[in-house]
Structure formats: C-alpha cells, structure tokens
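Notes follow the structure.
The values are calculated or read from the model by the stated rules, or taken from the named source; none is laboratory data. Just so you know, these numbers come straight off a predicted model, no measurement behind them. So basically every Cβ, Gly included, is an ideal-geometry build from the backbone, and we count neighbours across all protein chains shown.
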Amino acid sequence: MQDTDQLLAEFVADRSESAFRELVARYLGLVYSTALRIVRGNVSLAEDISQTVFASLARKAPALSRKVMLGGWLHQHTYHVATRALRAERRRELREREAVEMNTLRDDSSAHWRQLAPLLDEAITQLGSEDRTAILLRYFEQRDFRSVGEALGSTQDAARVRVNRALEKLHVLLTRRGVTLSTGALGALLGGEAIQAAPAGLALTISSVALAGAAPGTALMLLKIMAATKLKLGVTALILGAAATSVLEHRSKIEVQTENQSLRQQVAQLHAANADLAQRAAPISEPRAPRLPAPSVPAVAVDAIPLDPVINSNLYSLLTNRTSLVKLTAEQAEAYLKENGRNPASLLSAFRTSDNLMLLQEALEKYPDDPQVNFEAALSRDASPEQRRQWLDAFKKSAPDNALANYLSAADHFKSGQANEAVQDLIAASSKTQFHDYSLERSQADEEAYRAAGYPVAQAKLLATKQLALPQLMQAKELGGNVLDLAKSYQQGGDEPSSRAALEMAVNLGRRYSEPSPGETLIARLVGIGVESAALRAMDPASAYPDANETVQDRINQLARQRAAFRDLTQHSEPLWKALSDQDWISYHNRSATFGEEAALRWLVAKFGPR
C-alpha cells in the first residue's frame, strides 16, 4: 500500500484520479466525523463540508509543503470550514425565525396591537421610575438616544443600555399577561403604534377651549368657540371637566409627533441575537479562483445588466438623479455640527447634506482610519483616479472583513485595465462573510442633519432617503458587467473552469444585494437580482446552483418571480403615495428601515390599497 505522501505527490504531479480517490477513501472518516461533531450531528451539512474540504485539497495540493501531515491539515481545514458552516447555518435559521416573526408582526400588526394596547399602560406603570421614564422618553416622546441621555443626565450609550433593559423588563411584565411578542417585536410595535395621529383640528380646538377656560369671561368665550368650531356640547363638557394637566398631556402627545423616530434601537433589538445578521453572508464553500494572469477585458464593460424599466421610476432617481436637491446652508451645517460634535458620522452627514467638500476633507484629516470616511471619499464625484485608489486601499485596510471594500477596489481596477488586481480583489471579496454598504446609517445621519436645520420629521425623512446618493450600486452593476466580460475572455481562451469561477463570483456579488435585509432599498435588491441573473444566464442552466440543492435554471426562475413581484408591488403602491399624510410617511419610513423597503411597500398596499 502506497504511503500518503506518495499518493499526494502522484496526484500533484499527474493529477491522478486514482491517487486522489485513495486519499479520499483513507481520510473521509476523519473529515466526516470531525465535521459531524462540530455541526451537532447534522448529517447533510457534514456531507457538504466533507465535499468542500476535499475540493479544497484538490485545489491546494500543489501548494502544500512536502512535509505536511495530511491528517493534521485535513483536520484543521475541516474545523475551519465546519465552524464557518455552523455560523452560516445559525444565521440562516435565525433569519428564518425572525422572518416568520416579523412577517407575522407586519401582516397582522393590528391584531398584535389590539392584544397589547389594553395592557400596555398598566404594565408601564409597574416599571421602576427610571425604567418607566426611559420607555416614555424613547417610545412615547419619540426621542433619539442623545436626547434620552440628556434627559436622564447620562450619555447616549448609557441611554441605549437603559432603554434596552427597560424594554426587557416591560416584555417580562407583558409576557405574564399573555402577550407573546418578542422583545424586538415589542420595540418595533411601540415605535410604530405607541403614538397615533390625532384628528385634524383637535389640537386647535383643545387649545382654544383650555385657554378660554383660564381667561375672564369664560362662559361667553365658550359659546363663541362652540359656534365657531361646531364643537359638540358633550365634548365641551368633557374637556371642561378634565384637569388642566390632562389637556397639557394631550397637547404634549401631539407636539412630540414632530420628534425624530430613530430606528437604530429597533434594528439592534431585532438582531441582538446575532450581530452579523444585517450583513449578508457569502456561501459556505470556499470560492473557486480563476487562474492568473487574467485575460484582458475592456476597460468599460458593456451594459449587460439592464434594470427592469417597469419598476417605479422614482427608484431609479436614487441611482442617478442629482438635480433639484435641497441642500443645507453653511450656517445650518455648522449649527448641526456644533450640536452633535465633529465626529466621523456628523462630518460626513454635514458634507452630504451641504455638498461642502471642506467637511469631507476635515473628516479625512481627523479620521483617516475610519472605514465610512474612506468609503465616502472613495465614492466622491470630485476624487481624482489617484485619490480614489488611495482611499479604496485605505478602505480595505480600515474594514478588512467587509467584502464591499474589495468589490469597489475590483471595480476601480477594471476601469484602469488592471484585470489581475481586479481578480485578486474578487477572490478576497468572495471569501468574506461580511458585506455592509452603510446606506441605513448614512440615511439616518442625514435625516438628523435636516431635522437640526428645522425641517419637519416627515420632510427630513423624505429628503434623507430621496437625496442619498448610492454610487456603490452603479459600481456593483458595472462590476457585474466586467466580471461577465472576464468570464467570456476565459471561455474564449479555452479555460472553462476559470470562466465558471468568474461567473460564480458574479453570482456571489449579486446575492449580497438581492437577499432582503433591514433597511435595504428595492433598487439595491433589483441591482443584485440583475447582476446575479446575468451571471446565471451565462452558465449551463442544468448545472448545479452554487451551494444549493437546485439548478441554475431553478434560481433564474426564482429571481424572475421576485422581479415580477416587485413590479406588481410598485404598480399597486404608485397611486397611494399622494394620499399619504406626514404620519403615514413616517410610519412607512420606519418600517422600511426596520424590515426593508419591500416589507414597507407591502404594509402600504395592505393598509391603503383597494379592499
């Protein structure tokens, strides 16, 4: 019987299938058993991991040292692949559980609210004074954490912790009364339903009656008010019989509707069990790498990835429309910075909302190692090619786990005709599980800047969402076209494995955006679907879809159904926008930031569409 070293050397030298099959036979028990233990007895997953490990061995065998102990190498590699697979499996299960819970909350929120509403206020009164104050400030007065911290005499971070703990205690009290919502769902429901819009004109009527009751000649004044407002006698008697504090409390509820409904807490609550849930994960298997040197590709890719023209045109303006923008003045931007401090997030927000390049430059000088600063600088329209490359390299260094940095770098290398460097970035991106493009954080920070400048809440949310430039989506779309051209070049050169590997990298890129996540815009998902679909159409439709028990054609059909569903959703929502009140728009925006834009549109159609 040949030694393991001889078998491995024979496989490396001659690509001997018999030698490799013998290696698999010898070590399969070791690999499979190790994987089975790590994934807690999940037989199917252990089989997939075993396949992945031996595929890695076949690919990496030429680079292994001649002194390698193959059993040790396989055990170590199995451990790493299995632990990544286990984390991915847990994320998938958590996404499925949360999707069920959030869909239930979204689709039947009125039923949940009917269950919660009669018990809510009594439960709040049973909280300790500090916890009760935290809940009221956060959800009933709708303050952001900075404001809550100021009211409690603490910091923004301490306020976040206090609200979290208070919400957990409230959840326990409500659970004892039969309310079955999770802590995250409770927070989301409070954020959307705790304060309801009062009937139009009620604030004016109450104010007039209350002031009349405190003034001389009250009886005559009341008669005049009743005549002018047609206020019913029963309502008037009720108002006069209420205490002055009740009137003030009601007025307070009306006024606080103009306060900001920050969604960072809701997102954190929904994903507290897994900090990576909002960051889309790559497939569990290691990506196949195209050979290097890479063939040359056109510096500018053909637009092989069109977007669906039937989708609401308003979505496309997020990509390209930079006209008729509402910008802050220099004085307004400085006032916002004075109030919030000159930190990376506030400097970048002030830059975006005022177009003052000096603020971006200040952020670069003060915070050169902040990933969002490097991201913003690299995508700036005013950056030269040399500056863009400098900031992209800084972005990769400051965000080593974020695949987006490598994708943007790859796109830039393709533009410069550097195919080898682009492929190396694509390989690095495909192996990373984190992907984060900061859209939600950017939109929320811009909303705060507009609010600080005096814009009403609804308008601030609209401006922050509508005017947020998303150049990273155009970069992703163009990069997808570049990778398709690269795959075609490999194929024309007779290198089918490298062509397939390049197409799978384009699939991975598309999946980063096509899968739903909190705060994800519909246009981002459409870009992802477009990139993934274009790559899949270049594959054999009967071949296996990467890391799934389905064919490429099955996935193409699934994406087509998603696109059609988006088309129907936008067409049904189109007539509803003009009828939305400010409070409705705020509710829509909150749901979009918490559940994603698709979920928010479904809520919109379900609530305001034809019955």
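All but one of (1) of a type in the set (S, T, N, Q); (2) within 22 Å of Tyr438 (Cβ to Cβ); (3) without any contact (Cβ under 8 Å) to a residue 60 or more places away in the chain hold for Thr551; which doesn't?
Evaluating Thr551 over (1) of a type in the set (S, T, N, Q); (2) within 22 Å of Tyr438 (Cβ to Cβ); (3) without any contact (Cβ under 8 Å) to a residue 60 or more places away in the chain leaves (2) as the failure.
Exactly one condition in (1) of a type in the set (Gly, Ala, Ser); (2) in contact (Cβ under 8 Å) with a residue 24 or more places away in the chain; (3) farther than 24 Å from Tyr513 by Cβ is not met by Ser384; state its number.
Result: Ser384 fails condition (2) only.
Only one residue in Gly29, Gly41 is small (Gly, Ala, Ser), under 30 Å from Ala88 (Cα atoms) and in a helix (DSSP H, G or I), so which one is that? Spell out the reasoning first.
On the way: Gly41 fails: in a helix (DSSP H, G or I).
Answer to the selection: Gly29.
Evaluate segment 375-397: report whether one residue or more is within 29 Å of Ala429 (Cβ to Cβ), at pLDDT 90 or above, part of a loop (DSSP other than H, G, I, E, B) and not assigned by TED's automatic domain parsing to the domain that holds Ser499.
Checked against the condition, which is being within 29 Å of Ala429 (Cβ to Cβ), at pLDDT 90 or above, part of a loop (DSSP other than H, G, I, E, B) and not assigned by TED's automatic domain parsing to the domain that holds Ser499, segment 375-397 yields no hits at all.
Pairs needed: first member in segment 484-509, buried (at least 23 other Cβ atoms within 10 Å of the Cβ); second member anywhere, assigned to a helix (DSSP H, G or I) and among the acidic types (Asp, Glu); C-beta distance under 7 Å; at least 6 residues apart or different chains.
Here the result reads Val507/Glu532, each pair linking segment 484-509 to a residue that is assigned to a helix (DSSP H, G or I) and among the acidic types (Asp, Glu).
When segment 337-374 is examined, which residues are found to be part of a helix (DSSP H, G or I) and among the small types (Gly, Ala, Ser)? Lay out the reasoning, then the answer.
In the first step, residues of segment 337-374 are kept if they are part of a helix (DSSP H, G or I); the result is 337-340, 344-354, 357-366, 371-374.
The answer is Ala345, Ser346, Ser349, Ala350, Ser354, Ala363.
Regarding Asp554, is this residue assigned to a helix (DSSP H, G or I), surrounded by fewer than 23 Cβ atoms within 10 Å (Cβ to Cβ) and acidic (Asp, Glu)?
Spelling it out, Asp554 is indeed assigned to a helix (DSSP H, G or I), surrounded by fewer than 23 Cβ atoms within 10 Å (Cβ to Cβ) and acidic (Asp, Glu).
Out of segment 398-418, which residues are free of Cβ contacts under 8 Å to residues at least 24 places away in the same chain and either within 13 Å of Leu509 (Cα to Cα) or outside any loop (DSSP other than H, G, I, E, B) (or both)?
So the first thing to find is which residues in segment 398-418 are free of Cβ contacts under 8 Å to residues at least 24 places away in the same chain, and the list is 400, 409, 413, 418.
Result: Ser409, His413.
Conditions (1) over 24 Å from the mean Cα position of the chain (by Cα); (2) over 17 Å from Gly191 (Cα atoms); (3) at pLDDT 85 or above; (4) assigned by TED's automatic domain parsing to the domain that holds Ala524, marked per residue:
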| site | (1), (2), (3), (4) |
| --- | --- |
| Pro546 | no, yes, no, yes |
| Leu580 | yes, yes, no, yes |
| Ser592 | no, no, no, yes |
| Pro610 | yes, yes, no, yes |
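Identify, from the list Glu141, Glu150, Glu193, the residue that is surrounded by 14 or more Cβ atoms within 10 Å (Cβ to Cβ), among the acidic types (Asp, Glu), closer than 30 Å to Lys338 by Cα and modelled with pLDDT under 80. Before the answer, list the steps.
Numbers: Glu150 fails: modelled with pLDDT under 80; Glu193 fails: closer than 30 Å to Lys338 by Cα.
After ruling out the rest, the residue left standing is Glu141.
Taking the residues in segment 150-179 that are of a type in the set (S, T, N, Q) and in a helix (DSSP H, G or I) as candidates, determine which candidate is farthest from the chain's Cα centre (by Cα). Break it down into steps so the answer makes sense when it comes.
Kept after step one, since they are of a type in the set (S, T, N, Q), are these residues of segment 150-179: 154-156, 164, 175.
Going one step further and asking which of them are in a helix (DSSP H, G or I), we end up with 156, 164, 175.
Values: Gln156: 23, Asn164: 21, Thr175: 29 Å.
Looking at the filtered set, the residue picked out is Thr175.
Given the condition over 35 Å from the mean Cα position of the chain (by Cα), buried (at least 19 other Cβ atoms within 10 Å of the Cβ) and under 19 Å from Ser431 (Cβ atoms), answer yes or no: does some residue in segment 19-39 qualify?
The answer is no; no qualifying residue exists.
Would you be able to say whether some residue in segment 452-463 is within 22 Å of Ala600 (Cα to Cα), buried (at least 21 other Cβ atoms within 10 Å of the Cβ) and among the basic types (Lys, Arg)?
There is at least one residue in segment 452-463 that is within 22 Å of Ala600 (Cα to Cα), buried (at least 21 other Cβ atoms within 10 Å of the Cβ) and among the basic types (Lys, Arg).
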